[in-house]
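Shown next, in structure tokens, is the structure this report addresses.
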Amino acid sequence: MNAHEVLKVADEMVGFGRTPDDSCVAHDAGHPVKKALACVNCEIGDLLLAQQRGCDTVLVHHPLAGSARRNFHRVLGRMVELMTEHGVSGERAIQATDRLREKCRFNDQASDWDHLVSGARLLGLNLLNAHLAPDELGRRAMGDAGA
């Protein structure tokens, strides 16, 4: 299984027709995924740890690299959907998320989104960001547990 197939499986598990903008294969090193280090957040040291432990892939949850970091603001519309599902008016939900969406949009553009990608490239590691699909799986599991 390659890096793109791993991300596709995550999307299929929650019924997404396409990979959300907060998730991506930030670097495809061109080899299959056999052993991965999974982490919520990631820094260069984590890439080095992965390499040292014999991993070929790093799977990061929070959007810290590549297009997932640059485009994180685009998925904040999911917050609007969740609020309206729970009785908040659409207009009020949009107002509640506008400032956060703008802040993220500007921060995403100003951030060093290539830092981890460059590290992964130099170390020969696949680097994936999977954010919304795991969050959705967790949200569903918590909802089912409370039902």
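The values are calculated or read from the model by the stated rules, or taken from the named source; none is laboratory data. Computed from a predicted model, the values in this text were never measured in an experiment. For neighbour counting, all protein chains shown are included, and Cβ atoms are generated from backbone atoms with ideal geometry for every residue, glycine included. Calculation scope for accessible area: heavy atoms of the full protein, side chains included, ligands and nucleic acids excluded. Shrake-Rupley method; radii C 1.70, N 1.55, O 1.52, S 1.80 Å.
Find the residue count for segment 53-82, including only residues that are modelled with pLDDT of 95 or more and loosely packed, with under 14 Cβ neighbours inside 10 Å.
2
Which condition number in (1) crowded, with 17+ Cβ neighbours inside 10 Å; (2) modelled with pLDDT of 95 or more is the one that residue 34 fails?
(1)
Is there any pair with a first residue in segment 15-27 that is closer than 11 Å to residue 71 by Cβ and a second that is open to solvent by 60 Å² or more (accessible area, probe 1.4 Å) and not in a loop (DSSP other than H, G, I, E, B) whose Cβ atoms are under 7 Å apart and which are 6 or more apart or on different chains, and what are they?
As it stands, the answer is 21/74, since those pairs meet every condition given.
Can you tell me which of 26, 50 is among the small types (Gly, Ala, Ser), in a helix (DSSP H, G or I), crowded, with 16+ Cβ neighbours inside 10 Å and touching a Leu at 6+ places or on another chain (Cβ under 6 Å)?
50
For a quick check of your reading of the model, give me the residue pairs whose first member lies in segment 119-133 and is surrounded by fewer than 22 Cβ atoms within 10 Å (Cβ to Cβ), whose second is assigned to a loop (DSSP other than H, G, I, E, B) and of a type in the set (A, V, I, L, M), with beta-carbon atoms closer than 6 Å and at least 6 apart or on different chains.
That search, which allows pairs on different chains as well, returns 124/29.
Mind listing just one residue for me: the one in segment 104-118 that is surrounded by 12 or more Cβ atoms within 10 Å (Cβ to Cβ) and over 29 Å from residue 55 (Cα atoms) and, of those, modelled with the lowest pLDDT? Write out each step before concluding.
Pass one, segment 104-118, residues surrounded by 12 or more Cβ atoms within 10 Å (Cβ to Cβ): 104-105, 107-109, 111, 113-118.
Those left that are additionally over 29 Å from residue 55 (Cα atoms): 104-105, 107, 109.
Details: 104: 73, 105: 72, 107: 66, 109: 59.
Selected residue: 109.
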